[in-house]
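Q: The structure follows.
The values are calculated or read from the model by the stated rules, or taken from the named source; none is laboratory data. Predicted model only: the values in this text are computed from it and were never measured. In this analysis, Cβ positions are derived from the backbone assuming ideal geometry, glycine residues included, and neighbour counts consider all displayed protein chains. Side chains are part of the model used for accessible areas, which takes the heavy atoms of the whole protein and leaves out ligands, DNA and RNA. Shrake-Rupley method; radii C 1.70, N 1.55, O 1.52, S 1.80 Å.
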Amino acid sequence: AGAGPAPRSYPHSAVLDGAGAYRLSWGRRGSALALRLEVRTRGYVGFGLSASGGMASADIVVGGVERGQPYLQDYFTDENRVLKKDPQQDYHLEYAMENSTHTILAFSRELHTCDTNDKSITESTVRVIWAYHHKDMGEAGQNYHGSNRGTKSLRLLNPEREEVSSASLPFFDLTNKDVPVPDKDTTYWCQMFKIPVQHEKHHVIKVKPLIQKGHENLVHHILLYQCSSNLNDSVLDYGHECYHPNMPDSFLTCETVIFAWAIGGEGFTYPPHVGLSIGTAADPLFVLMEVHYDNPSETEGLIDNSGLRLFYTPVLRKYDAGVIEAGLWVSLFHNIPPGMPEFVSEGHCTLECLEEALGAERPAGIQVFAVLLHAHLAGRAIRMRHFHNGEEQKLLAYDDEFDFNFQEFQYLNEERTILPGDNLVTECHYSTVDRIRMTWGGLSTRNEMCLSYLLYYPRINLTRCASIPDIMEQLQFIGVKEIYRPVRTWPFIIKSPKQYKNLSFMDAMNKFKWSRSEGLSYNQLVLKLPVNVRCSKTDNAEWSIQGMTALPPEIERPYKTEPVICNSSSCLSCSLFLTLLCILYITASIIGNTGPFV
């Protein structure tokens, strides 16, 4: 049984549940999004968009086929999760079909409707909620879906990309071998590998994560670094905990990120004109794979074999890809007070660094084609701002609904040129309302980061373009007057005033009585502090600007999002509202021009 025209094609799809019973397909059509649900049920199917991933304040559509008749209704829920029929129906059924096992629904909705009960669909992460039942809605009212429900974070406005068929492509795997994951909260494990393709130039054109089954929440992210080519095969013998006093010296030569994957992300396919070069003297020979294990329950006895699969081809693309790490250098100098509903940190890829590196290597500029935005548990939104000669351009990338458990490269709709004279600002928004102590920049997921990884071409000798805020002016905010010099301990120790004497600066910041107003004043101060410039090359080399102090640019804060234009075929009420506004405005103008009304 069914109704409607024949189904269309949809460029994107995802299975939303572990059993494969609920498949979502979607694609953009102008100012609208077209969706197709294929669900293993003969009852109703529910689909929704939620800010939290739960049922509260969600935008929901429910449909099915009952006795051969299709139905589709637009609903919403209030903050108490009560389901209500939306007076403005913005989801439009295009096709419905039911067979002996499945229900298929195809429908569309404008990205931005005029309905306050709907969620706008943007390039940010969307928390999709789903549910289904073996009965239709009309049989017994609003049947509770029981365990047939869930949530999944997606990007519904990902641009279409050319998929590479990897069936016939050669590949090599970089995977850990029986790594014993310690029974502690956070572990960074490093393992050295040698690229097997060494005698002729090839391009890696696709990278796929190989996450051990059952370890999807354990493996938080994987970074691949290029190491010194002067190493020998003895470094391949064993892995070791990263950032550990006893780790091998060879690990210190691995500074250049060549690929990044984070939890929730899928494989990455390079554009058809770009590839990651391997096989020449300038390319990575020895690489270090850093795996971040997140084990908050401190489970014992975990053994992991996760890693990456790299597909490559001898058919060369036009350009070699590079990666630039931009944002805030990870350090204790990045800190966030407790109890803050919103706190903004900025990492600067400074004009001075880009001027020197691009001026020397690529005056015509580089082309950015994808960006990975990275933060930890307190992260709520991240924006990559782009300035050319001091004038703000369109956002390079953004995620206003950042999900710690879903971080992947965003393909840009249009490649962006970065030129000498440009500067980039990674703007991170955090919430620490549930924390009673300072949050520090650091490696643990309970610490914070504010980073952007830019994939670009052609490759130049610039691997990191970041900044560190000045710590002494931060400490002056809480009343610190003097520290012990020379600095012999880390974190360093405070000498005066008396209430902080002999405390580390971390303990002093935690001792300070933070209120929201104090936190807000502190935030305003930090954003204006001078920054220390990080401007790095491969092989631990540095551009001359490295270590210099620069002032952050004078920019509008916070970033003002562009107003959206809403569309709805059922938005008669909007037109009436706008007409009423015009009448009120004209009336007010007439009254204003005729003097005071008594």
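Q: Please report the accessible area of TRP329 (heavy atoms, 1.4 Å probe, ligands and nucleic acids excluded) in Å², nearest 10.
A: In the full protein context, TRP329 sits at about 80 Å².
Q: From the phi of every residue in segment 556-567, what ³J(HN,Hα) in whole Hz does the Karplus formula 6.51 cos²θ - 1.76 cosθ + 1.60 yield, where θ is phi - 60° and glycine or proline is x?
A: For segment 556-567, the Karplus curve yields 6, 10, x, 4, 9, 5, 5, x, 8, 9, 8, 9 Hz.
Q: Which distance in Å, rounded to a whole number, links the C-alpha centroids of segment 519-544 and segment 178-216?
A: The distance from the Cα centre of segment 519-544 to that of segment 178-216 comes to 30 Å.
Q: Under a Cβ-Cβ cut-off of 14 Å, what is the net charge of the residues other than ASN567 that fall near it, where Lys and Arg count +1 and Asp and Glu count -1?
A: Net charge in that neighbourhood comes out at -1.
Q: May I pose another question? Ordering ARG309, ARG459, ARG380 by how much accessible area each has at a 1.4 Å probe, largest first, what is the list?
A: Result, largest first: ARG380, ARG459, ARG309.
Q: Let a ≥ b ≥ c be the square roots of the eigenvalues of the Cα gyration tensor of segment 12-154; is it rounded (a/c under 1.5), or, if not, prolate (a/b larger than b/c) or oblate?
A: Verdict is rounded for segment 12-154.
Q: Tilt of helix 516-526 relative to the longest C-alpha principal axis of the chain, in degrees (0 to 90, nearest 10)?
A: Computed tilt is about 60 degrees.
Q: Turning to a different aspect of this structure: Can you compute the FRET efficiency between LYS560 and GLN499 using 1/(1 + (r/R0)^6), with r the Cβ-Cβ distance and R0 = 45 Å? Round to the nearest 0.05.
A: So, using R0 = 45 Å, E works out to roughly 0.65.
Q: May I ask for the distance between the Cα centers of segment 454-508 and segment 253-311, given as a whole number of Å?
A: 30
Q: Which value, in debye to the nearest 20, gives the size of the charge dipole of the chain about its Cα centre, when Lys and Arg are +1 and Asp and Glu are -1 at the Cβ?
A: Value, rounded to 20: 600 debye.
Q: Given the DSSP H assignment, sum -39500 (n - 2.57) over each helix run of at least 4 residues in the chain and divide by its residue total; what's the result at 222 nm in deg cm²/dmol, nearest 500?
A: That comes out to -3000 deg cm²/dmol.
Q: Give me the Debye-computed log₁₀ of I(q)/I(0) at q = 0.06, 0.10 Å⁻¹ for the chain, equal point scatterers on Cα only, no solvent, two decimals.
A: Summing over Cα pairs of the chain leads to -0.37, -1.00.
Q: Shape verdict for segment 166-317, please, from the Cα gyration tensor: rounded (a/c under 1.5), prolate (a/b greater than b/c) or oblate.
A: oblate
Q: Here's a follow-up. Need one number for segment 471-528: average projected area of the convex hull over its C-alpha atoms, nm².
A: Value for segment 471-528: 3.9 nm².
Q: So how far apart, in nm, are the two label points at ARG67 and THR299 if each is 7 Å from Cα heading toward Cβ?
A: Here the modelled spin labels are 4.9 nm apart.
Q: If the cut-off is 29 Å between C-alpha atoms, which lysines fall inside it for LYS208, apart from same-chain ones fewer than 8 positions away?
A: Straight-line reach from LYS208, under 29 Å: LYS152, LYS177, LYS184, LYS194, LYS318, LYS537.
Q: Chymotrypsin sites (Phe, Trp or Tyr not before Pro), restricted to segment 462-507: which are DSSP loop and have at most 15 other Cβ atoms within 10 Å?
A: TYR484
Q: Mind grabbing the base-10 log of I(q)/I(0) for segment 190-264 at q = 0.21, 0.25 Å⁻¹? Debye formula, identical points on the C-alpha positions, no solvent, two decimal places.
A: Scattering profile of segment 190-264, log10 relative to I(0): -1.18, -1.36.
Q: Please report Rg (one decimal) and Dmax (integer) in Å for the Cα set of segment 383-525.
A: My reading of the Cα-based Rg and Dmax gives 19.0, 57 Å.
Q: Please report, in Å, the Rg and the Dmax of segment 317-462, where both are computed over Cα atoms only.
A: Here Rg and the maximum Cα pair distance are 15.7, 52 Å.
Q: Using a 1.4 angstrom probe on the protein heavy atoms only, could you order SER168, SER57 from most to least accessible area?
A: Accessible-area ranking of SER168, SER57, largest first: SER168, SER57.
Q: Follow-up question, since we're still on this one. Taking the Cα atoms of segment 163-222, report the difference between the largest and smallest coordinate on each principal axis, in whole Å and largest first.
A: Taking max minus min along each principal axis of the Cα atoms, segment 163-222 gives 42, 27, 16 Å.
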